[in-house]
Amino acid sequence: MNFEFLEIVPAIIAKSFDELQEKIKLVEPYVKSVQIDIMDGIFTPEKSWNNQKELKNINTSLSIEAHLMIEDVESEIERWLDSGVERILAHWEAIEKLTVNRKQLTIEELVENLSRKCTKKNVEFGIVLNLDTSVSALGKMLSVNCYLFSVVQLMSIAKIGEYGQPLDEKVIPKIRALKEQHLNVKISVDGGINSQNAKQILEAGADVLVIGSGIFNSKDVGGVIKEIRKVINKQ
């Protein structure tokens, strides 16, 4: 396991800019980065805050990444490239749907286009797989063109875009399979993670724990993060 990668990244679902700022300030003393869930109400059941221009008004030392939980990822990614985020994560399923509708591009070509757009703006690019999408969907892309992704994020809950769902253990063999096939890929896991199941996820091969409700539904945000960090430190 690469200890350089091991980290906790709070996942923020915000309905407003004020809520976003409040949640960033809550975790700022304890972590290095946060992930903002951007939801369109189409790819996900609910909508979230989605105004990239307002990010310029946030004064924070944290690195910010945008998790685009949206259907039209090709158009939306353009808006976020100059927002100040350091990484953009797009769902494989949304990209796949775009290629089905457009037909003139393969999914591999569209992924490469998105990655190049990010690279030109010095923004990292990552791919997200929903729980029921096999890691084999990435095919040869990860082996031949692994430079396209800075991270592969595996969703570990059945319904994306909702806080409070339990971890689905179907993600565990997916983590193992991805790590065994691609030892050097950075693996992030998102959904239902807490201090009780973090050890199992890390032992399977995860490098990054993306945690939403496990942190923000707690009355002691700092205490929760410290408890999970203890689990990390024992790995």
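Every read-out reported here was derived from the displayed coordinates using simple, explicitly stated rules and does not represent laboratory data. These numbers come from a predicted model, not from an experiment. When we count neighbours, we look across all protein chains shown, and the Cβ atoms used for this are built from the backbone with ideal geometry, even at glycine.
Brief remarks on what is shown
- Listed by chain and number, the lysines whose C-alpha is less than 21 Å from the C-alpha of LYS170, apart from same-chain residues fewer than 8 away, are LYS159, LYS179, LYS186, LYS199.
- Calculated from the structure at hand, Cα extents along the principal axes in Å is found among [x] 51, 41, 31; [y] 71, 54, 27; [z] 59, 44, 41 as [x].
- Measuring nothing but how far apart in sequence close Cα pairs (under 8 Å, 6+ apart) lie, relative to its length, the chain scores a relative contact order of 19 percent.
- Sum of side-chain charges, GLY212 neighbourhood, beta-carbon under 11 Å (Lys, Arg +1; Asp, Glu -1): -2
- Annotation for region 1-55 versus region 134-194: alpha-carbon center distance of 19 Å.
- Summing charges over neighbours of TRP49, with a neighbour being any other residue whose Cβ is under 12 Å away from its Cβ, gives -3 when K and R count +1 and D and E count -1.
- Comparing mean-square fluctuations of GLY222, GLY126, GLY205 from a GNM of the chain with C-alpha springs under 10 Å, the top value falls on GLY222.
- Given charges at Cβ of Lys, Arg, Asp, Glu: region 1-126 dipole, positive-most of ALA94, PHE125, ILE58: ILE58
- Top of LEU81, LEU131, LEU62 by mean-square fluctuation, Gaussian network on the chain, Cα under 10 Å: LEU62
- The simple spin-label model puts a point 7 Å past each Cα toward its Cβ; for LYS32 and VAL100 those points are separated by 3.8 nm.
- Cβ-based net charge around VAL151, under 12 Å, with every Lys or Arg adding one and every Asp or Glu removing one: -4
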